[in-house]
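What follows is a single structure, written as structure tokens, with notes after it.
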Amino acid sequence: MNLNLLFHFGRYLTLMKTTFSKPEKFSMYWKETMRQMNDIGIGSLVIVGLIAIFIGAVTAVQFSDQLSGGLIPRYYIGYIVRDITIIELAPTITCLVLAGKVGSNMASELGGMRQKEHIDAMELMGVNTAAYLILPKLIAAVLIIPLLVSLAAIISIVGGYIAAVPFGQLTDPEYVRGVRSFFVPNYVLMMYVKAMVFAFILTTVSCYQGYYVTGGSIELGEASTQAVVYSDILILVADLVVAIALTG
Amino acid sequence: MIRAENIFKSFGETEVLKDISTTFEQGKTNVIIGKSGAGKTVLLKLLVGLFQPTAGNIWYDDINFNKLNKQELRSLRMEVGMLFQGNALFDSLTVEQNVRFPLDMFTNMTKKEKLDQVNYCLDRVTLAGSNDKYPSEISGGMQKRVGIARSIVLNPKYLFCDEPNSGLDPKTSIIIDKLIHDITVENNITTIINTHDMNSVMEIGDTIVLLNLGRVAWQGTKNEVLESENEVLQDFIFASPFLQKLRKAALNF
Ligand SMILES: Nc1ncnc2c1ncn2[C@@H]1O[C@H](COP(=O)(O)OP(=O)(O)OP(=O)(O)O)[C@@H](O)[C@H]1O
Ligand SMILES: [Mg+2]
């Protein structure tokens, strides 16, 4: 088990080393990066928006219940929703979900190409397949996922409003005041750092799983599941690491 | 010229290739024959570096192929064309985009030049006009021909074809064989073909290697095939009961 882990880690690092090399042809990589940006970004808008709205709504409802004792001012709900989404829920939950959507997709795309000998065919043309197939995905993800995450944060805050204000848990001015109170710009930085780190993890782990697929359709399915499971675990670990590193 | 020197290849416990030594000559169509499972595809993949030999050396002219670093390997590979047994066409690209892919990746040709080159290659495999079809929309034989067009689009020095005419009707087979042979001679390419089609062997087998159970059972030229007394070879050629009867009749004659 430990040796196996070491083997995968070593092979992952080697793959990353090959991935970061000079493109054969800039225009081909550019085209592929644009395509990936579109796939990841536009393709994930709906699911990210939907999740974000519920995250904000649930946070608002739960906290207004817990804070109903009267010791703490009501407008704190807006403040809590804002910070908890920016710091934790928007980046983490969005990326966990994207690992399931984008990550598994990447793993099965690469795995399919491996099984149908597309990767071999490209290698034989002289293409650095690790770079051509992974780098555009990675660049696209690291640029686009932070944008999705900031969108998620904004939508969450709106979600909190929708869940709390119309039902009288607090008034419109209270929520807005909360959202505008005690703002720490550093938390936004933290959100972006998390989003980029998570994007890197989910892309590279998923591509690694797909790139080395062997066997048939069962193995392909396994690779795509493993892409999600390992991405999720590593995202949670990284979440803690980034939190410790940026708060200390 | 490509030379295999005492090549061994095992997958885990199973030894697939045992002590293969042979030379594939430049400007000739070199044919590897053998029964299904004899190790033809494995040998071809070893020759292009998709597998590493367990032991032995492969020489491209005077370059030791197994000693190349990644960069040297990539530049050598731009001179290599390969047709896979399963075609390996990129299924999200059209026929034209498939054939154009190596040009897009490695050349600075203009759009027009690329299109001309693609159309020239498609024309050679008698597929002119299929530019905008997707691989899933054309027949297996057509896919094979697109694969050939893609493998010759960069004017390779070395051409590898894994069963170029399996799944093709006899007429198209002959056209493909002739095409590969013509390209080989015109451009002085070192061409290596895997096949179990005796027609192609006798038509274009400038040199022939017969693999049996992972060993070289016989090698020679197409002119030597009929004269040879080699049992494995005779057994391979006269495989069907019909041909055996024919042979017996001929021997009794
Ligand atoms: N990746 C692999 N791992 C393990 N064994 C393999 C692998 N590839 C091929 N083999 C084994 O090597 C042997 C030779 O296979 P190969 O594909 O070279 O046959 P072939 O001569 O090309 O047959 P065909 O004419 O059917 O294509 C087979 O017994 C096969 O099981
Ligand atoms: Mg084969």
Item to check | Residue match in segment A:164-176 (condition: open to solvent by 10 Å² or more (accessible area, probe 1.4 Å) and closer than 22 Å to A:THR92 by Cβ) | outcome: no
Item to check | Subset of segment A:17-31 [closer than 18 Å to A:TYR208 by Cβ and crowded, with 17+ Cβ neighbours inside 10 Å] | outcome: A:THR19
Checklist entry - Would it be correct to say that B:LEU103 is among the hydrophobic types (A, V, I, L, M, F, W, C), open to solvent by less than 10 Å² (accessible area, probe 1.4 Å) and away from ligand 2 (no atom under 16 Å from the Cβ)? => result yes
Checklist outcome for this item: When segment B:153-178 is checked residue by residue, the ones that are of a type in the set (A, V, I, L, M) and either within 16 Å of ligand 1 (Cβ to nearest atom) or open to solvent by less than 10 Å² (accessible area, probe 1.4 Å) (or both) are B:VAL153, B:LEU159, B:LEU168, B:ILE176
Item to check | In segment B:21-46, the residues that are more than 12 Å from ligand 1 (Cβ to nearest atom) and within 11 Å of the chain's Cα centre (by Cα) | outcome: B:THR29, B:ASN30, B:VAL31
Next on the checklist: Name the single residue that is surrounded by the fewest Cβ atoms within 10 Å (Cβ to Cβ) among those in segment A:202-241 being within 21 Å of A:LYS17 (Cα to Cα) and within 16 Å of ligand 1 (Cβ to nearest atom).
Outcome noted: A:TYR212
Next on the checklist: Test of understanding: among A:SER181, A:SER150, A:SER156, which residue is crowded, with 24+ Cβ neighbours inside 10 Å and in contact (Cβ under 8 Å) with a residue 40 or more places away in the chain?
Outcome noted: A:SER156
Checklist entry - Across segment B:158-215, what is the number of residues that are over 14 Å from B:GLY27 (Cα atoms), of a type in the set (A, V, I, L, M) and within 16 Å of ligand 2 (Cβ to nearest atom)? => result 6
Checklist entry - Could you list, in sequence order, the residues of segment B:12-55 that are part of a loop (DSSP other than H, G, I, E, B), surrounded by fewer than 19 Cβ atoms within 10 Å (Cβ to Cβ), away from ligand 2 (no atom under 16 Å from the Cβ) and on the phi < 0 side of the Ramachandran plot? => result B:GLU13, B:GLU25, B:GLN26, B:GLN52, B:THR54
Checklist entry - What is the one condition in (1) within 22 Å of B:THR207 (Cα to Cα); (2) part of a loop (DSSP other than H, G, I, E, B); (3) more than 16 Å from ligand 2 (Cβ to nearest atom) that B:LEU89 does not satisfy? => result (1)
Next on the checklist: Condition check: within 14 Å of A:LEU98 (Cα to Cα) and at pLDDT 95 or above. Does A:LEU138 satisfy that?
Outcome noted: yes
Next on the checklist: Among the residues of segment A:109-127, what is the count of those that are facing another protein chain (nearest Cβ under 7 Å) and open to solvent by less than 10 Å² (accessible area, probe 1.4 Å)?
Outcome noted: 5
Checklist entry - Would segment A:136-151 turn up any residue that is under 30 Å from A:GLY112 (Cα atoms), within 14 Å of chain B (Cβ to nearest Cβ), in contact with a helix residue (DSSP H, G or I) (Cβ under 7 Å, 6 or more places away or on another chain) and in a helix (DSSP H, G or I)? => result yes
Checklist outcome for this item: Note on B:GLY81: of the conditions (1) more than 16 Å from ligand 1 (Cβ to nearest atom); (2) assigned to a strand (DSSP E or B); (3) in contact with a Ser or Thr (Cβ under 7 Å, 6 or more places away or on another chain); (4) open to solvent by 10 Å² or more (accessible area, probe 1.4 Å), unmet is (4)
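The values are calculated or read from the model by the stated rules, or taken from the named source; none is laboratory data. A quick note: this is a predicted structure, and the numbers were derived from the prediction, not measured. Using ideal geometry, Cβ is built from the backbone for each residue, glycine included, and neighbour counts are taken over all protein chains shown. SASA here: full protein model, heavy atoms, side chains in, ligands and nucleic acids out. Shrake-Rupley method; radii C 1.70, N 1.55, O 1.52, S 1.80 Å.
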